[in-house]
């Protein structure tokens, strides 16, 4: 009788062990119930929720804007000449009509003296010719020629006075004078910037809103804006609206007047908030409750202790909530957490209500 090789015994032992293991674990899985077979958990899922209720809602549009001066100019001379006097100090507040600069006017003064003398002689001659005309000593044409000379000299005088006025530069409005670019004794030309003049109060806020709000935004509407130099929100009133939509940005430019006491530099940027519409009974839910789907959006609600799906139509979004136009009603319980694990029909345990 042949002896059985040892390796055959080893294979038999391993086979018995595998058979015992398979039999043992299959029985354990049968005892594990539905959960072991990949079924739904038998216990309820804990979730937070939000009870839908009507609330006041204001549709706010956010935009970036800039502060601008109602009046702002570069001070220049209308005539060329030497600066004989500077009457302003850099950075000071000046009133409308204040003399800022004087240009040498000696040549215009000389022309004025000459014109005055010629005008006197012409007027006296015209007076004598008038008397001669009365006694038919001269023709009417001679008298009219002299009268025309008097009129011409008067026009020359008006021109000289106009040029003389240009040698004195005055402030056209109340404002703050900027840094000067010339010194007394310098020669200036009409192209040279002497300094800037900026009206610092009141100021305007310039901003743009999307085209879809063009029918809503009106003159007189109040806006709010914030600046990095102040922590509080300030108010301004819209006084001007551009009469056309910008073709590139598809936005509408607006300006609002700010007459407050805060000091701002024109040209600085601000954040603008415009309240477009206000509704007293709008259904709002937390933004995180919305679940995007192929054909729209849906939310999960709690109904009789189980989860249910509801398709919704949404409206305007705020920082933390979104308006629901259709699909929900007052008193519905919307889930705010567990949205990935909860399915339709899942048992629910409501924990904490959201504000």
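A single member of 299, 316, 310 is surrounded by 14 or more Cβ atoms within 10 Å (Cβ to Cβ) and under 24 Å from residue 215 (Cα atoms), and it is 316.
For the range 146-158, enumerate the residues that are more than 30 Å from residue 82 (Cβ to Cβ) and touching a helix residue (DSSP H, G or I) at 6+ places or on another chain (Cβ under 8 Å). 146, 147, 149, 150 - these are the residues of the range 146-158 that are more than 30 Å from residue 82 (Cβ to Cβ) and touching a helix residue (DSSP H, G or I) at 6+ places or on another chain (Cβ under 8 Å).
Report yes if some residue within the range 73-91 is assigned to a loop (DSSP other than H, G, I, E, B) and within 30 Å of residue 253 (Cβ to Cβ); otherwise report no.
yes
The residue list 327, 305, 296, 315 contains one member that is in contact with a strand residue (DSSP E or B) (Cβ under 9 Å, 6 or more places away or on another chain), over 15 Å from residue 53 (Cβ atoms) and in contact (Cβ under 8 Å) with a residue 60 or more places away in the chain, which is 305. Exactly one residue out of 340, 328 is within 13 Å of residue 45 (Cα to Cα) and part of a loop (DSSP other than H, G, I, E, B), and it is 340. Residue 264 falls short on exactly one of the conditions (1) assigned to a loop (DSSP other than H, G, I, E, B); (2) surrounded by fewer than 17 Cβ atoms within 10 Å (Cβ to Cβ); (3) in the same structural domain as residue 237 (by TED's automatic domain parsing); (4) touching a strand residue (DSSP E or B) at 6+ places or on another chain (Cβ under 9 Å), and that condition is (2). Checking each residue in the range 95-145 for being over 23 Å from residue 165 (Cβ atoms), touching a helix residue (DSSP H, G or I) at 6+ places or on another chain (Cβ under 7 Å) and not in a helix (DSSP H, G or I) picks out only 138. Each residue in the range 284-293 was checked for being in contact with a strand residue (DSSP E or B) (Cβ under 6 Å, 6 or more places away or on another chain) and more than 30 Å from residue 238 (Cα to Cα), and 6 pass. Checked against (1) under 45 Å from the mean Cα position of the chain (by Cα); (2) over 16 Å from residue 174 (Cα atoms), residue 93 meets all criteria but (2). None of 55, 90 is surrounded by fewer than 17 Cβ atoms within 10 Å (Cβ to Cβ), under 30 Å from residue 280 (Cβ atoms) and either in contact with a strand residue (DSSP E or B) (Cβ under 8 Å, 6 or more places away or on another chain) or free of Cβ contacts under 8 Å to residues at least 24 places away in the same chain (or both) except 55.
What do you reckon, is residue 79 in contact with a helix residue (DSSP H, G or I) (Cβ under 8 Å, 6 or more places away or on another chain) and under 17 Å from residue 186 (Cβ atoms)? The answer is yes for residue 79.
The values are calculated or read from the model by the stated rules, or taken from the named source; none is laboratory data. Here the structure is a predicted model, which means the values were calculated and not measured. With ideal geometry, Cβ positions are generated from the backbone for all residues, glycine too; neighbour counts draw on all protein chains shown.
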